[in-house]
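**Student:** Below is one structure. I have some questions about it.
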Amino acid sequence: MRWLISGSLGILCLSSVASARAPDDSSPAQVEISAAILSITTPFISEISFTGLRHISPKALEAQISSRTGGPLDTRSVEADVRTLARLGWFESIQVEARTSNEPSLQSTEKSERVALIFHLKEAPFLSNVKYSGSRLLSQRQIEKLLDEKRLTPGLGKPADPAALQRIAFAIQSVLNELGHPEAIVQIQRAVAQNATISVRFEISDGPMLRVRQVNFAGNPRFSANLLHAQMRSIAPRKPFASLRNKNAYTRDAFEEDRQRILSYYQDHGYPEARIGSPQIAPISEPSLRWLPWPRQVTRNGLSLTIPVQAGPLYRFESIKYSRALQQVEAERTAKPLEIPGELEGLPYSARTIENLRRSLLTRIQQHNLKDNSVPLRSVEARPVFDADKHTANVTIDLSDSPPYVVQRIEFQGLHKFSDRYLRRRIPLREGQPVNDRALEAGLARLARTGYFKPIRKENIRVQMNDVTRTANISIRVEEIGQQRASLIGGNGQFGSTLGIAYALFDLLNREELLSAQLEGGPESLQIMLGLAKEGIFGTRASLAFSVFNNVLRPRFATSAQGPFFTSHNVGISVPWTYAASNTDSLAVGYTLSHATSDYRILFPPTSTGVTSSDVRTKISSRTLSAGWAHDTSNERLVFSSSVSGGVLGGGENMFRASSEYGRILRDPIFSRGNAWAFRTTFSGAGSYRGEMPFFSRFFSGDEIVRGLRPGELGPYALAPKPTQSVAGTYSVVPAGANLIAGANAEYRIPLSRGIEAAGFFDLGSGWLLPNWLGPAKPLLLPSTNGVLHGSTGIELRWNVPGVNVPFRAYYALNLLRLDRSIRLSDKSTFFARNRFSAFGWGLGSLF
């Protein structure tokens, strides 16, 4: 872009090159103003006009520029106006002329000049037709769908922007590269008609298919090739089903992602000076054995990548220090001195460890500052100093002299069906607050867990920092998957594992509501549920739901005298209300109306000489009011819940239930920080305060509390008559269930490759059946089996099933503390109450 001057005429001209692309801000236009204009006071604009327009209205252009009639002529403003018009992509050339006039200005002194500002424009032809030809891999419909997803659909009836057409060609070429065609070429052919319209045809040459066959590392990598291959996720020809997942196609963007992953691995394992160069790409041919339609040897062509790597020297931590100012701020917040992580000294340098320390301190300080507005916002910075002679690193973490960046604007791009408000409610980072990486990452992960959006990568996040105002504008590009979602679900309960399918439909009524249907079952249970949920009810952080359910339980106990011991059919509706008190705390209140039909055998001693029983069918209506509180962070979970039914609520069930659970995960600071200790304690109780406690309300717990136990073995046993015997007074023993259980679990978790995790565990638990909580009808318990402490230890393997996102667990347990005794019954028979010493089990869903 250039400014053209005609000093004798007093004319100021600005012209742009023929390209419609916006000029580069790094090379501003050269400005020269004639002496005649500079000798007088600032000219005023008397008129703004546009020439060369055929389809575009002048008023549409006046709304785009900042220069106004009656205002002073500013060369910088005019230059900015030209840049703005060029960015629109509507014009092939732009020229500005400022003509002076001898008429005096009405708004200024006599020496002021009036200037007519004229924009000479050459419109780009309007796009009338677009075609795609030449590709054998991509059809016209596939290309149109691709461009629609990337929001690059060419605008027919609009000016043909060359830059936009070039972006379309690059998008098509990138897709072909991802499909294993690195030599694909896309050319743009234009045909301009006499009516100032243009037809565009994209001529596509797929090129040969050349997939990546080999990835090698040259230079001084220090780590094994297998370890470096494990860091590569975008270009990974060795991974299973690499061709189906497009993991063996080379693109610059894919390699850059893997390059950053490898570089981060080096910097986190003692090599901060590691360097990774551009790959050397060479075609190769290698033999391969093909089995269909008959075994034969063929030659496969492909690409070989050789990545140069220089690891550099190994650096270790020598010291990590906190500044006095930082220690003082932390002492004011917690009244405790800041602990210096001395266990890191001597370990290989890790940039991730330092960043985690910095972010942890920054989060704690910012939380303290947000509560106290009188305290100025401060940032935290880490300053590592490397000693090249000793190969050591000394890190100082201090308060930054400059204030932290404050979020000025958060913008979401790519939204079609979801509202901006829906995304904002799920990201705890707010405008006006300091930039918090953890809050942003947690919110984006929460969005991905909804299943309506594709995982958001780093390249989808754009942060513009303003060093002058210390503000940040965050732009997040999301890709919607759709408003409908079907997924497989599964879990683990007191009656074994379950598997099912769930279907969800979002925003069908344009009220941001969620309609869901769920069918889940196992060998001993079945659940059907229809639900309607609405978040942000009444403009608050609360959510309200309404669900209709139908549950069937038909457990089979290993020691039962006959078939299913009881059958329960439960139908009802539930209305839960949840309020997010903070990012980690939530309150819940719910109301449930249900009707249960149960068939079971009730045991009671009518006389002192024997035990009788009868088959009972009960029908009970229940109206339950529940309340709960949950505190959930990334490594800690605390839950309290209770419910009451009957009384003033009505219904035939008069029950009180309560439960609590606490779990915590701690990173192992001794052996490996990738490993973790996990702990859980749980408590549950239920009882009747009036009338009889329904049999199905008891807990028949097993390996969900203590691994290695069967359902019902955690509680006591009761006597039941043998229905096949004609002689009275002969009995068998059945699980009686429990109305009070407690358990504790400890695990040491070791992550393995490909989503597999191993854990060593130790479980403790016990179950009691308290007769006073049961009501009038009480079973004849075996006292020596009530409240027995059970304990097991063993190993467990977990694998997160792809597509289901539910862990599959397989364990082997040794029951060190178990029930192992013989009991003499009144019919002179002997019952051996004996749990298995060892057991192999499996299940779906995480235990805790």
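The values are calculated or read from the model by the stated rules, or taken from the named source; none is laboratory data. If you're wondering where the values come from, they're calculated on a predicted model, not measured in any experiment. Positions of Cβ are backbone-derived with ideal geometry, glycine not excepted, and every protein chain shown enters the neighbour counts. The area values use the complete protein model at the heavy-atom level, side chains included, leaving out ligands, DNA and RNA. Shrake-Rupley method; radii C 1.70, N 1.55, O 1.52, S 1.80 Å.
**Student:** For segment 214-226, which residues satisfy the criterion of being surrounded by fewer than 17 Cβ atoms within 10 Å (Cβ to Cβ) and touching a residue at least 24 places away in the same chain (Cβ under 8 Å)?
**Tutor:** Those that are surrounded by fewer than 17 Cβ atoms within 10 Å (Cβ to Cβ) and touching a residue at least 24 places away in the same chain (Cβ under 8 Å): Gln214, Asn216, Ala218, Gly219, Asn220.
**Student:** From the list Ala242, Ala236, Ala230, Ala274, pick out the single residue that is within 26 Å of the chain's Cα centre (by Cα), modelled with pLDDT of 85 or more and open to solvent by less than 40 Å² (accessible area, probe 1.4 Å).
**Tutor:** Answer to the selection: Ala236.
**Student:** Can you report the number of residues in segment 205-258 which are farther than 19 Å from Ile172 by Cα and in a helix (DSSP H, G or I)?
**Tutor:** 10
**Student:** Right, next: Go through segment 809-830 and report how many residues are farther than 19 Å from Phe762 by Cα and either outside any strand (DSSP E or B) or open to solvent by 30 Å² or more (accessible area, probe 1.4 Å) (or both). Even if it seems obvious, please write down each step before you answer.
**Tutor:** First, the residues of segment 809-830 that are farther than 19 Å from Phe762 by Cα: 820-830.
The next check asks that each one be either outside any strand (DSSP E or B) or open to solvent by 30 Å² or more (accessible area, probe 1.4 Å) (or both); those that pass are 820-822, 824-830.
Within segment 809-830, residues that are farther than 19 Å from Phe762 by Cα and either outside any strand (DSSP E or B) or open to solvent by 30 Å² or more (accessible area, probe 1.4 Å) (or both) number 10.
**Student:** Would you mind finding the one in Arg657, Arg667 that is within 30 Å of Asn745 (Cα to Cα) and either within 26 Å of the chain's Cα centre (by Cα) or of a type in the set (A, V, I, L, M, F, W, C) (or both)?
**Tutor:** One residue alone meets the criteria, Arg667.
**Student:** Could you list, in sequence order, the residues of segment 422-438 that are at pLDDT 80 or above, in a helix (DSSP H, G or I) and either more than 20 Å from Arg151 (Cβ to Cβ) or touching a Pro at 6+ places or on another chain (Cβ under 7 Å) (or both)?
**Tutor:** The one that is at pLDDT 80 or above, in a helix (DSSP H, G or I) and either more than 20 Å from Arg151 (Cβ to Cβ) or touching a Pro at 6+ places or on another chain (Cβ under 7 Å) (or both): Arg424.
**Student:** Now a separate question. Quick check on Lys417: is it in contact (Cβ under 8 Å) with a residue 60 or more places away in the chain and within 30 Å of Leu347 (Cβ to Cβ)?
**Tutor:** Judged against the criteria, Lys417 is not a match.
**Student:** Evaluate segment 426-438: report whether one residue or more is over 26 Å from Leu361 (Cα atoms) and over 17 Å from the mean Cα position of the chain (by Cα).
**Tutor:** no
**Student:** Still on this structure, please answer the following. Quick one: count up the residues across segment 650-665 that are at pLDDT below 90 and either among the hydroxyl-bearing types (Ser, Thr, Tyr) or surrounded by fewer than 17 Cβ atoms within 10 Å (Cβ to Cβ) (or both).
**Tutor:** Residues that pass the stated criteria total 1.
**Student:** With the condition kept exactly as written, say whether any residue in segment 689-704 is over 38 Å from the mean Cα position of the chain (by Cα), open to solvent by less than 20 Å² (accessible area, probe 1.4 Å) and not hydrophobic (A, V, I, L, M, F, W, C).
**Tutor:** Within segment 689-704 (the criterion being over 38 Å from the mean Cα position of the chain (by Cα), open to solvent by less than 20 Å² (accessible area, probe 1.4 Å) and not hydrophobic (A, V, I, L, M, F, W, C)), the answer is yes, since at least one residue qualifies.
**Student:** I would also like to ask the following. Within segment 190-205, can you find the residues that are farther than 18 Å from Ala164 by Cβ and surrounded by 18 or more Cβ atoms within 10 Å (Cβ to Cβ)?
**Tutor:** none
**Student:** Here's a follow-up. Output the number of residues of segment 393-425 satisfying the condition of being open to solvent by less than 20 Å² (accessible area, probe 1.4 Å) and either more than 22 Å from the chain's Cα centre (by Cα) or at positive phi (or both).
**Tutor:** Total satisfying the criteria: 7.
**Student:** Right, next: Going residue by residue through segment 784-802, is there one that turns out to be among the polar types (S, T, N, Q) and either without any contact (Cβ under 8 Å) to a residue 12 or more places away in the chain or open to solvent by 50 Å² or more (accessible area, probe 1.4 Å) (or both)? Working first, answer last.
**Tutor:** We begin by selecting, within segment 784-802, every residue among the polar types (S, T, N, Q); these are 784-786, 792-793, 800.
Then keep just the ones that are either without any contact (Cβ under 8 Å) to a residue 12 or more places away in the chain or open to solvent by 50 Å² or more (accessible area, probe 1.4 Å) (or both); that gives 800.
Within segment 784-802 (the criterion being among the polar types (S, T, N, Q) and either without any contact (Cβ under 8 Å) to a residue 12 or more places away in the chain or open to solvent by 50 Å² or more (accessible area, probe 1.4 Å) (or both)), the answer is yes, since at least one residue qualifies.
**Student:** Looking only at residues in segment 553-574 that are under 29 Å from Val648 (Cα atoms) and open to solvent by 50 Å² or more (accessible area, probe 1.4 Å), which one is modelled with the lowest pLDDT?
**Tutor:** Among them, the one singled out is His569.
**Student:** Filter segment 758-770 down to the residues that are without any contact (Cβ under 8 Å) to a residue 60 or more places away in the chain and surrounded by 14 or more Cβ atoms within 10 Å (Cβ to Cβ), then identify the one that is farthest from Phe840 (Cα to Cα).
**Tutor:** So in segment 758-770, the residues without any contact (Cβ under 8 Å) to a residue 60 or more places away in the chain come out as 758, 760-764, 766, 768.
Narrowing the set further to residues that are surrounded by 14 or more Cβ atoms within 10 Å (Cβ to Cβ) leaves 758, 761-764, 766, 768.
Numbers: Ala758: 15, Phe761: 14, Phe762: 15, Asp763: 15, Leu764: 17, Ser766: 20, Trp768: 25 Å.
Applying the filter and picking the extreme gives Trp768.
**Student:** Another question about this same structure. So, in segment 367-385, of the ones that are under 22 Å from Ala274 (Cα atoms) and open to solvent by less than 80 Å² (accessible area, probe 1.4 Å), which residue ends up modelled with the lowest pLDDT?
**Tutor:** That would be Ala382.
**Student:** Still on this structure, I have one more. Filter segment 340-365 down to residues that are free of Cβ contacts under 8 Å to residues at least 24 places away in the same chain and part of a loop (DSSP other than H, G, I, E, B) and give me whichever is most open to solvent (accessible area, probe 1.4 Å).
**Tutor:** Result: Ile340.
**Student:** Same structure, new question: So for segment 312-320 (the condition being open to solvent by 70 Å² or more (accessible area, probe 1.4 Å), in a helix (DSSP H, G or I) and not β-branched (Val, Ile, Thr)), does at least one residue qualify?
**Tutor:** no
**Student:** Of all residues in segment 434-455, count the ones that are open to solvent by less than 40 Å² (accessible area, probe 1.4 Å) and more than 17 Å from Ser634 (Cα to Cα).
**Tutor:** Residues in segment 434-455 being open to solvent by less than 40 Å² (accessible area, probe 1.4 Å) and more than 17 Å from Ser634 (Cα to Cα): 6 in total.
**Student:** Turning to a different aspect of this structure: So, of the residues in segment 154-189 that are outside any loop (DSSP other than H, G, I, E, B), touching a residue at least 24 places away in the same chain (Cβ under 8 Å) and touching a strand residue (DSSP E or B) at 6+ places or on another chain (Cβ under 8 Å), which turns out to be surrounded by the fewest Cβ atoms within 10 Å (Cβ to Cβ)?
**Tutor:** The selected residue is Ala169.
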